[in-house]
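Notes to accompany the following structure.
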Amino acid sequence: QVQLVESGGGLVQAGGSLRLSCLASGRTGMGWFRQALGKERDFVAEISWAGGLTNYADSVKGRFTISRDNAKNTMYLQMNSLKPDDTGVYYCAARSPGSRWPSGDRSDYNYWGQGTQVTVSS
């Protein structure tokens, strides 16, 4: 059983930055997804267990950086140059054992956090 707890969301103006954190109890690859009101939950970024491999959605490449500190059991998402379209609930998730790489697919993740709200005002 993997337990995930997100933090760091909030309200920020367009062009600003936020850093999300996810405290995780398991040893597995992880990812971030987001869900805007009334829309599907979309892939944002993912990272391998050792942190050497990363994968990003095209919409966030060059603006967001995923990282992890396994000594602290924590994954991060540094979000820069935020846009109103980045608004949504951000979820961290743990990858299923043996799932493909890269993925970007919700079906390859079997544990989810409760989510943290990010709101970007224009």
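So is G52 open to solvent by 30 Å² or more (accessible area, probe 1.4 Å), over 11 Å from the mean Cα position of the chain (by Cα) and closer than 23 Å to G15 by Cα or not?
Criteria not met by G52.
Pairs only if they're at least six apart or on different chains, beta carbon under 7 angstrom, first in the range 87-103 and surrounded by fewer than 23 Cβ atoms within 10 Å (Cβ to Cβ), second aliphatic (A, V, I, L, M); list them, first residue then second.
T87/A36; T87/V118; T87/V120; G88/A36; G88/V118; W101/L53
Identify all residues within the range 65-77 that are surrounded by 12 or more Cβ atoms within 10 Å (Cβ to Cβ) and assigned to a strand (DSSP E or B); write none if there are none.
Matches in the range 65-77: T65, I66, S67, R68, T74, M75, Y76, L77.
Is the range 85-92 home to any residue that is modelled with pLDDT of 95 or more and among the β-branched types (V, I, T)?
yes
Of all the residues that make up the range 24-49, how many are under 16 Å from V118 (Cα atoms), in a strand (DSSP E or B) and open to solvent by less than 40 Å² (accessible area, probe 1.4 Å)?
Looking only at that region, the number is 6.
Could you say whether any residue in the range 15-23 is among the hydroxyl-bearing types (S, T, Y), over 21 Å from Q1 (Cβ atoms) and either open to solvent by 20 Å² or more (accessible area, probe 1.4 Å) or not in a strand (DSSP E or B) (or both)?
yes
State all residues of the range 55-64 that are more than 14 Å from D42 (Cα to Cα) and either crowded, with 16+ Cβ neighbours inside 10 Å or of a type in the set (K, R) (or both); if no residue qualifies, say none. Quick ask: steps written out before the conclusion?
Kept after step one, since they are more than 14 Å from D42 (Cα to Cα), are these residues of the range 55-64: 61-64.
K61, R63, F64 - these are the residues of the range 55-64 that are more than 14 Å from D42 (Cα to Cα) and either crowded, with 16+ Cβ neighbours inside 10 Å or of a type in the set (K, R) (or both).
Just to check your reading of the model, which residue among F43, F64, F33 is free of Cβ contacts under 8 Å to residues at least 60 places away in the same chain and aromatic (F, W, Y)?
Answer to the selection: F64.
The values are calculated or read from the model by the stated rules, or taken from the named source; none is laboratory data. Keep in mind it's a predicted model, so treat the numbers as computed, not measured. Cβ coordinates were reconstructed from backbone atoms using ideal geometry, including for glycine residues, and neighbour counts include every protein chain displayed. Just the protein is used for accessible areas: all its heavy atoms, side chains included, with ligands, DNA and RNA removed. Shrake-Rupley method; radii C 1.70, N 1.55, O 1.52, S 1.80 Å.
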